[in-house]
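Undergrad: My questions will all concern the structure given below.
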Amino acid sequence: GWGLTNESRRILGDSARFLNGDCHHPHISMTDGRCDGKYLFINDKANTRVARTRLDIMKTDKITTIPNVQAIHGLRLQKVPHTKYVFANAELPIPQINDGRDLETPDDYFTMFNAIDAESMEVAWQVIVDGNLDNTDADYTGRFVASICYNSEKGMTLADTMRAESDWVVVFDVDAIEAAVSAGEFEALGDSDVPVLGGRKGSQLTRYIPVPKNPHGLNTSPDGQYFIANGKLSPTCTIIGIDKLPALFDDAIAPRDTVVGEPELGLGPLHTTYDGRGNAYTTLFIDSQVAKWNIEDAIRAYNGEEVNYLRQKLDVHYQPGHNHASLTESRDADGKWLVVLSKFSKDRFLPVGPLHPENDQLID
């Protein structure tokens, strides 16, 4: 009865007109980097929405449509000191303001990084960036959030988005953004009164770290030391040292100086998860494998040592995208279980109706 009852239509609000959704990236609220069981947040890419589910009663109680943007894709939560913000990437550049005035001038298209207040479910602020944003994750200090960009070329066709040999990770300084909002250093666009700040290259609110090529997932290690960006069209992952980011924002080092490792893993790295014992597990979309590799050994290899950082490659069925190890997006990664979500597993089964069965795999 969702969307039919008075209660559910009240929660849907203006978005009750949508008869579809495209759910991505559910995440549970945190206190001091640990899941606190209060809320679950999830994004609807198709209709540019974010929903909140109360976990005490297992019911959705708020749905927010994000203004000024199109296609909320990556969603992650502030981990420390608690989930004050829900961070949401808008993927597709669109005209700003999107009322038809700049349809023929793609150079004037932009997208935004968005922060939603976790309690009120109102959009707190938005930051305009260069390129398409895809996935994002936050650190364990509360200051930094990083998002990958897969279309630094600002191409409007598929081929155009793959010309460059490198794209970038955009790092956001949450403290600086909050200070800029408090100082009134923002504007509002169109009919929205949400503060919009400038975060394009050269802004004091962001830094752009070059990485190869069309990266997809970005995942924070549970020890809080690293952002790892997955190459997608490069066989590599890029390890970014979070402890180097303050120096980057102080302009004391160059953007690539934050990179401490770049292991070659296989074809189509999409997402990385962790076991809490120093190993990372990366899905290889083209190879239909999960690669298990050691982070510190990969850093040693990047520094010129002769060391094999690969521990194992496991075939999965097949074309895996997301993978999650138990509790791995918190401080409490327990190293017990790995769930691999196999994107193209639908055609392993006979059709049984309008939906096809899918195959996810549980790995010890």
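The values are calculated or read from the model by the stated rules, or taken from the named source; none is laboratory data. No experiment lies behind these values; they were computed from the predicted model shown. Methodologically, a virtual Cβ is constructed for each residue, glycine included, from the backbone with ideal geometry; neighbour enumeration extends over all protein chains shown. Surface accessibility is based on the protein's heavy atoms, side chains included, excluding ligands, DNA and RNA. Shrake-Rupley method; radii C 1.70, N 1.55, O 1.52, S 1.80 Å.
Undergrad: In deg cm²/dmol and to the nearest 500, what is the mean residue ellipticity at 222 nm of the chain if only DSSP H runs of at least 4 residues count, each as -39500 (n - 2.57), divided by the residue total? Before the final figure, lay out the partial values.
TA: Working: 4 runs with 29 residues, N = 364.
Estimated from H runs of four or more residues: -2000 deg cm²/dmol.
Undergrad: Accessible surface of R200 in the full protein assembly, 1.4 angstrom probe, to the nearest 10 Å²?
TA: Only protein atoms counted, so the area is about 110 Å².
Undergrad: What does the charge count near D193 come to, summing +1 for each Lys or Arg and -1 for each Asp or Glu among other residues with Cβ under 15 Å from its Cβ? Could you put the intermediate results ahead of the total?
TA: On the way: positive: none; negative: D117, E122, E187, D191.
Here the count lands on -4.
Undergrad: Please report the net charge: other residues with Cβ closer than 15 Å to the Cβ of P246, K and R +1, D and E -1. Could you put the intermediate results ahead of the total?
TA: Working: positive: R143, R207, K244; negative: D139, D173, D175, D243, D250, D251, D257.
Taking every Cβ under 15 Å from that of P246, the sum is -4.
Undergrad: When every alpha-carbon pair in segment 1-44 is counted, what percent end up more than 13 Å apart?
TA: On the way: 619 of 946 pairs.
In whole percent, the long-distance tail amounts to 65.
Undergrad: In addition: Which value in nm describes the separation of the simple spin-label points at L103 and D223, placed 7 Å from the Cα toward the beta carbon?
TA: Distance between label points: 5.4 nm.
Undergrad: Once you put a point 7 Å from the Cα of L350 and another 7 Å from the Cα of A183, both along the Cβ direction, what distance in nm separates them?
TA: 6.7 nm
Undergrad: Could you check the spin-label model distance between I286 and L4? Points 7 Å from the Cα along Cα→Cβ, value in nm.
TA: 4.7 nm
Undergrad: Need the full-extension length gain, D14 to R300, defined as separation in residues times 0.36 nm minus the C-alpha distance. One decimal, nm.
TA: Details: separation 286, 0.36 × 286 = 102.96 nm, distance 5.30 nm.
That pair, D14 and R300, stretches by 97.7 nm at full extension.
Undergrad: Now a separate question. Sum up the charges of everything whose Cβ sits under 15 Å from the Cβ of Y302, counting Lys and Arg as +1 and Asp and Glu as -1, but leave Y302 out.
TA: Numbers: positive: K244, R256, R300; negative: D257, E262, E264, E296, D297, E305, E306.
Charge balance in the 15 Å sphere: -4.
Undergrad: How much length, in nm to one decimal, is gained on full extension between N308 and D32, taken as 0.36 nm per residue of separation minus their Cα-Cα distance? Walk me through the numbers before you get to the answer.
TA: On the way: separation 276, 0.36 × 276 = 99.36 nm, distance 3.45 nm.
So the extension gain works out to 95.9 nm.
Undergrad: With just the Cα atoms defining each centre, how far is segment 297-322 from segment 324-355? Give it in Å.
TA: Here the two parts' Cα centres lie 20 Å apart.
Undergrad: To continue, here is another question. Just round it to a whole percent: the fraction of Cα-Cα distances in segment 186-331 exceeding 28 Å. All intermediate terms of the calculation are to be shown ahead of the outcome.
TA: Values: 2764 of 10585 pairs.
So the pairs more than 28 Å apart make up 26 percent of the total in segment 186-331.
Undergrad: Moving to a separate point now. Bin width 10 Å, alpha-carbon pairs only: give the P(r) of segment 300-342 as whole percents, running from 0 to the bin holding the largest distance.
TA: 22, 33, 36, 9
Undergrad: Alpha carbon centre of segment 81-103 versus segment 1-76: separation in Å?
TA: Using only Cα atoms to place each centre, the spacing works out to 16 Å.
Undergrad: Here's something else I'd like to know. Could you size up the charge dipole of segment 254-328 around its Cα centre, putting +1 on the beta carbon of Lys and Arg and -1 on that of Asp and Glu, and report it in debye to the nearest 20?
TA: Values: 6 positive and 10 negative charges, 43 e Å.
Roughly 200 debye for segment 254-328.
Undergrad: With +1 on each Lys and Arg Cβ and -1 on each Asp and Glu Cβ, how big is the dipole of segment 6-214 about its Cα centre, in debye rounded to the nearest 20?
TA: Numbers: 22 positive and 32 negative charges, 141 e Å.
Using only the charged Cβ atoms, the result is roughly 680 debye.
Undergrad: Still on this structure, please answer the following. Please compute the per residue accessible area over segment 122-273 with all protein chains in place, 1.4 Å probe, rounded to a whole number of Å². If you can, show how the numbers build up before the last one.
TA: Working: 5240 Å² over 152 residues.
Ligands and nucleic acids excluded, the figure is 34 Å² per residue.
Undergrad: Across every pair of different alpha-carbon atoms, what Kirkwood hydrodynamic radius in Å does segment 6-214 reach? Intermediate results must be reported in sequence, preceding the final value.
TA: Working: mean 1/r = 0.0572 Å⁻¹.
By the Kirkwood definition, the hydrodynamic radius is 17.5 Å.
Undergrad: Pulled fully out, how much extra length does the chain show between E122 and K201, if you take 0.36 nm times their separation in residues and subtract their Cα-Cα distance?
TA: Between E122 and K201, full extension yields an extra 25.7 nm.
Undergrad: Can you tell me the relative contact order of segment 247-331? Whole percent, Cα pairs under 8 Å, sequence separation 6 or more. Provide the component values of the computation, followed by the final result.
TA: On the way: 155 pairs, mean separation 24.8, N = 85.
Averaging sequence separation for qualifying contacts and normalising by length gives 29 percent for segment 247-331.
Undergrad: If you don't mind, there's one more thing I want to ask. With a 1.4 Å probe and every protein chain kept in, tell me what percent of the accessible surface of segment 37-139 is carbon plus sulfur.
TA: Reported share for carbon and sulfur atoms: 50 percent.
Undergrad: How big is the Cα convex hull of segment 264-364 in projection, averaged over all directions, in nm²? Numbers along the way, then the final one.
TA: Working: hull surface 28.3 nm².
The directionally averaged projection comes out at 7.1 nm².
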